[in-house]
Amino acid sequence: MLNHADTTSAASASAQAPEKPGKASLPVTVIGGYLGAGKTTLVNHLLRQANGRRLAILVNEFGSIAIDEDLIEAEEDGLISIAGGCICCSFGNDLIGAIEDLRSVEPAPDHIVVETSGVALPGSVVASLSLIEGIRPDGIVVLVDAETVVKQARDDYIGDTITRQLSDAEIVVINKRDLISDSAAQSLALTLSDLAPNAAQIEAAFGTVFLDAVLGAVAQPSSGGTDSGGHSDRLFDSIAFTPQRRFNAPALAEQLATGALGVVRAKGHVAGDDGAIWLLQTVGRRWQAEPVDHQPHPQLVCIGPKGQLRTSDIEVLVQAD
């Protein structure tokens with residue numbers, strides 16, 4: 001499965017026995033980044049683009065995040081009810097307890113988003129979450145300020161925090177990209193490739209990032225991204241397949257994640273060469289492949305930045321005999 005703790009390898013996976021039938025595991029995405037990177041703006045964007053998906057947003061304390069007022073339906077004792085069935089609550093020093101409480105909420109959330117403090121190390125947060133039964137870590141997203149991150153990473157006081165946050169990242173959102181030149185952006189991309197070697201990079205302005213790229217949901221296929229979520233969607237492409245053959249499923253997942261195909265996220269089911277149906281998921285350069293105990297129809301969706309997703313190469317990889 002996705003190994004968030006091992007930041008020295010490009011990718012990792014494990015082939016596990018199918019889970020016992022029962023309640024599906026609840027995906028959790030951790031959003032990190034230093035103060036001022038734009039985490040609050042991103043969270044509000046995700047809530048606006050939820051499109052019926054029930055998101056549960058967890059923050060250290062309400063004072064650290066400002067949910068846009070027009071999204072709020074009600075507030076009571078540490079819980080904000082948000083339009084569209086989403087909720088926001090604070091966890092203080094008890095993140096595990098808060099997530100365990102969320103598992104009993106009806107209707108259950110579809111996805112949990114943990115917005116960490118500006119100085120937190122997201123990899124440590126995910127390591128704690130991995131101990132909770134019924135929880136599936138679904139990715140570490142780290143935001144950086146395009147104008148200041150290089151200077152911050154070299155700072156004697158905060159540089160260690162910045163570099164450790166980036167080393168945990170599976171997706172780096174280069175926020176405020178509109179404030180730097182193209183040449184500066186190219187230089188920044190190279191620097192971030194060194195600081196976040198396991199991460200896919202996404203450029204953004206004002207925290208507007210395609211929700212399916214951040215949260216790993218399966219997008220509706222389209223030749224130019226999806227249209228329902230606004231401008232950020234149009235910056236991404238997605239491609240869907242119904243694979244007809246069998247695969248070495250872990251090898252396919254690894255190729256999608258590490259094969260320079262422009263894939264930020266991939267998710268789906270394929271028939272394995274062992275006769276089982278396998279669930280594949282990738283985020284950045286990390287990948288997961290595991291057999292499942294039900295028999296969904298094979299389908300695979302890949303998502304990447306517009307102009308970078310190498311759809312023809314992916315098609316050859318997936319469809320070739």
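What follows draws every value from the coordinates through simple rules; no lab data is involved. Note that the structure is a prediction, hence the values are computed from the model and not measured. Using ideal geometry, Cβ is built from the backbone for each residue, glycine included, and neighbour counts are taken over all protein chains shown.
A protection proxy built from the mean count of other Cβ atoms within 10 Å ranks the segments 29-37, 175-183, 254-262, most packed first, as 29-37, 254-262, 175-183.
Of the beta bridges in the chain, as assigned by DSSP with both residues counted there, near 50 percent are antiparallel. Taking 0.36 nm per residue of sequence separation and removing the Cα-Cα distance, the S130/T242 pair yields an extension gain of 37.2 nm. Once both labels are positioned 7 Å from their Cα atoms along Cα-to-Cβ, the gap between E69 and D313 label points is 4.9 nm.
Counting only DSSP H runs of at least 4 residues, each contributing -39500 (n - 2.57), and dividing by the residue count of the chain, the helix-based mean residue ellipticity at 222 nm comes to -7000 deg cm²/dmol. For the peptides 94-101, 200-207, 238-245, the ranking by mean Cβ contacts within 10 Å, running from highest to lowest, is 200-207, 238-245, 94-101. Using the average count of surrounding beta-carbon atoms within 10 Å as a protection proxy, the listed peptides 135-142, 44-51 rank, highest first, as 135-142, 44-51.
For L35, project a label point 7 Å along Cα to C-beta. Then give me every residue of segment 90-134 with its amide nitrogen under 12 Å of that point. Only 118-120 pass the distance filter.
Maximal additional length on extending the A185-A260 stretch stands at 25.1 nm, based on 0.36 nm per residue less the C-alpha distance. Taking every DSSP beta bridge that has both ends in segment 37-169, the antiparallel portion is near 45%. Using all Cα-Cα distances in segment 231-319, what percent lands in each 5 angstrom bin from 0 up to the longest? Pair shares across the bins are 3, 16, 28, 26, 15, 8, 3, 1, 0.
Just going by the charge dipole of the chain, with Lys and Arg at +1 and Asp and Glu at -1 on Cβ, which of P137, G304, G92 is farthest out on the positive end? My answer, from the dipole projection, is G304. Between L102, N44, I31, the Cα set farthest toward the positive side of the dipole of segment 26-209 (charges on each charged residue's Cβ, about the Cα centre) is that of I31.
With all projection directions averaged, the alpha carbon convex hull of segment 26-209 covers 10.3 nm². Note: relative contact order over the chain, using C-alpha pairs below 8 Å and six or more positions apart, is 20 percent. Using only side-chain charges placed at the Cβ, +1 for Lys and Arg and -1 for Asp and Glu, the dipole size of the chain relative to its Cα centre rounds to 780 debye.
Using the Cβ-Cβ distance between R54 and H294 with R0 set to 30 Å, the FRET efficiency from 1/(1 + (r/R0)^6) comes to roughly 0.85.
For I57, the residues whose amide H sits under 5 Å from its own are I87, C88, C89, V113, ignoring neighbours fewer than 5 places away on the same chain, with H placed 1.01 Å from N. Ranked by how many other Cβ atoms sit within 10 Å of their own Cβ, fewest first, the residues L190, L215 fall in the order L190, L215. You can think of it this way: the chain between A108 and D160 has 15.0 nm of extra reach, that is 0.36 nm per residue less the Cα-Cα gap. Our compactness index for the chain, the C-alpha radius of gyration over the empirical 2.2 N^0.38 Å, is 0.96.
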